[in-house]
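One structure is given below, encoded as structure tokens.
Since every read-out is calculated from the coordinates, none of them should be taken as a lab result. This structure is a prediction, so every number in the text was calculated from the model and none was measured. Note that we place each Cβ from the backbone using ideal geometry, even for glycine, and neighbour counts take in every protein chain shown.
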Amino acid sequence: MSSSTAALAAAAAAASAALLVLAAFAGGVEARERESAWLPAAKKMAAAPKKVAAAAAAAAKVPAVIVFGDSTVDTGNNNVVATMLKSNFPPYGRDLGAATGRFCNGRLPPDFMSEALGLPPLVPAYLDPAYGIADFARGVCFASAGTGLDNATAGVLAVIPLWKEVEYFKEYQRRLRRHAGRAAARRIVRDALYVVSIGTNDFLENYFLLVTGRFKQFTVGEFEDFLVAQAAGFLAAIHRLGARRVAFAGLSAIGCLPLERTLNALRGGCVEEYNQVARDYNVKLNAMIAGLQRSLPGLKIAYVPVYDDMLNLINNPSTLGLENVEQGCCATGMFEMSYLCNEKNPLTCPDADKYFFWDSFHPTEKPILKILAKELQILSSWCAMIGIPSFTQWSYFSSTDTM
Ligand SMILES: *[C@@H]1O[C@H](CO)[C@@H](O)[C@H](O)[C@H]1NC(C)=O
């Protein structure tokens with residue numbers, strides 16, 4: 001083995017070790033001091049002048065943004081969960097002004113959507129003790145980093161399983177009825193915009209990491225079918241509980257996440273096998289969603305096709321002024337996330353806006369906003385269908401030029 005091959009092999013080993021170490025310690029961690037990092041951040045955002053002229057009318061139509069899923073949309077629930085998968089410490093949140101538990105340097109898609117709808121600029125996490133039902137009446141996040149559609153996925157890093165997110169949603173509805181009255185609560189639940197983003201961990205933290213045994217039980221195609229069936233069950237459950245307007249994200253190009261590239265270091269580049277799985281799963285997910293749209297009364301559901309737009313940006317980084325689309329900004333960018341991405345690491349990049357990825361698993365705010373703007377443009381007929389103006393017509397999004 002040449003020394004550079006050895007170095008690559010070591011990096012790949014470190015990358016798989018990073019996830020496994022996190023998994024091994026799952027549940028055994030003392031919750032760190034719970035800085036209520038949120039509140040200052042929310043106040044700062046609220047004070048900032050915002051161009052949301054057309055948003056007030058839309059807010060009346062969409063009273064709340066309600067979020068389910070994983071780290072792509074978790075706004076801080078894991079802060080109070082005994083897991084190794086946390087991000088409520090610097091440099092997370094560096095460009096937001098506070099480490100809130102978002103796996104990002106800035107904000108996440110639900111935050112931008114909420115703000116565009118004339119609602120608060122940060123969607124509060126349901127488990128954050130700094131917030132109460134009056135806040136949650138205008139937006140609430142039940143998502144948990146590291147979770148998945150498969151119950152077994154949440155077990156890997158001891159996070160909140162999706163069925164438990166739904167239990168929290170039921171509890172939320174009881175609190176909402178007490179707070180706002182029965183009729184108003186029903187209206188909020190019915191007219192809210194539901195944002196769901198989940199599935200990456202089922203493959204990368206579960207099936208392909210070989211820790212749950214699912215790989216012995218299912219072929220990858222069967223596992224895709226199993227996950228899509230779980231997604232259908234979840235959607236039927238929230239529909240039964242009153243949800244009507246749902247945006248459900250497909251998988252991104254999961255083989256291009258820096259951690260997966262590192263694991264693939266000997267071959268180099270994105271893991272094409274994983275990208276192929278994401279594409280196959282997306283086709284099945286999209287078909288299931290189209291079926292539900294026809295069979296569940298009143299359901300207005302959009303499949304959000306993020307895969308192509310993510311890959312487009314990665315293949316054409318200069319269109320967004322990106323200089324690195326292969327490593328995360330944090331630390332070496334090859335395998336660090338959660339506690340391994342911390343303030344003590346001197347290698348963290350000075351300007352996250354030059355990077356597609358913030359840590360080895362999650363994008364920076366800049367491509368998030370760009371891709372979101374593009375997706376909402378694609379979904380403009382769905383926006384019309386649910387009676388809200390296309391987001392891209394609103395000043396907040398139109399100020400970012402489209403791809
Ligand atoms: C997942 O766990 C919940 C709660 O224990 C259970 O109700 C559900 O049936 C499980 N799903 C599957 C597919 O096993």
Using a 10 Å cut-off on Cβ atoms, rank the peptides 337-347, 227-237 from the highest mean neighbour count down.
227-237, 337-347
Using θ = phi - 60° and the Karplus form 6.51 cos²θ - 1.76 cosθ + 1.60, what ³J(HN,Hα) does each residue of segment 309-322 get, whole Hz, x for Gly and Pro?
5, 5, 5, 4, 5, 5, 7, 10, x, 5, 4, 10, x, 8
Rounded to the nearest 0.05, what FRET efficiency do ARG267 and ASN315 have when you use their Cβ-Cβ distance and R0 = 22 Å?
0.75
Provide the gained length on full extension for the span GLN217 to LYS164, in nm with one decimal, where the gain is 0.36 nm per separating residue minus the Cα-Cα distance.
16.7 nm
Ranked on Cβ counts within 10 Å of their own Cβ, fewest leading, TYR92, TYR303 go TYR303, TYR92
Can you tell me the FRET efficiency between LYS284 and ASN345 if r is taken as the Cβ-Cβ distance and R0 is 60 Å, rounded to the nearest 0.05?
0.95
Per-residue Cβ neighbour rank within 10 angstrom, fewest leading, SER114, SER252:
SER252, SER114
For segment 228-371, what is the relative contact order in percent, using Cα pairs closer than 8 Å and at least 6 residues apart in sequence?
25
Hey, with R₀ at 35 Å, roughly what FRET efficiency would ARG182 and ALA384 work out to, going by the Cβ-Cβ distance, to 0.05?
0.70
Fully extended, how many nm does the chain gain between ARG240 and ALA82 (0.36 nm per residue separation, minus their Cα-Cα distance)?
53.8 nm
Spelling it out for PHE357: with amide H atoms placed in the peptide plane at 1.01 Å from N, the residues 5 or more places away or on another chain with amide H under 5 Å from its amide H are CYS329, THR364
For each of ARG245, ARG178, ARG187, count neighbouring Cβ atoms within 10 Å of the residue's Cβ, then give the residues from fewest to most.
ARG178, ARG187, ARG245
Hey, which of these cross-link pairs are over 31 Å Cα-Cα: LYS216/LYS374; LYS300/LYS374; LYS86/LYS366; LYS170/LYS370; LYS284/LYS374?
LYS216/LYS374; LYS170/LYS370
Quick one: check the C-alpha center-to-center distance for segment 99-127 versus segment 274-312, whole angstrom.
23
Residue list for segment 358-379, given a label point 7 angstrom along the Cα-to-Cβ vector of ASP308 and an amide N cut-off under 18 Å
370-379
Decide, for segment 101-141, between rounded, prolate and oblate: order the square roots of the alpha carbon gyration tensor eigenvalues as a ≥ b ≥ c, take rounded if a/c falls under 1.5, and otherwise choose prolate if a/b is larger than b/c, else oblate.
oblate
Counting sequence-distant residues (5 or more places) and residues on other chains, those with an amide H built under 5 Å from that of VAL140 are VAL65, ILE66, VAL67
Over segment 305-370, calculate the relative contact order: mean separation of alpha carbon pairs under 8 Å at least 6 apart, over the residue count, as a percent.
33
Long-range amide H contacts for ASN105: which residues qualify at under 5 Å (H placed 1.01 Å from N, peptide plane, sequence gap of 5 or more or a different chain)?
GLY93, GLU365
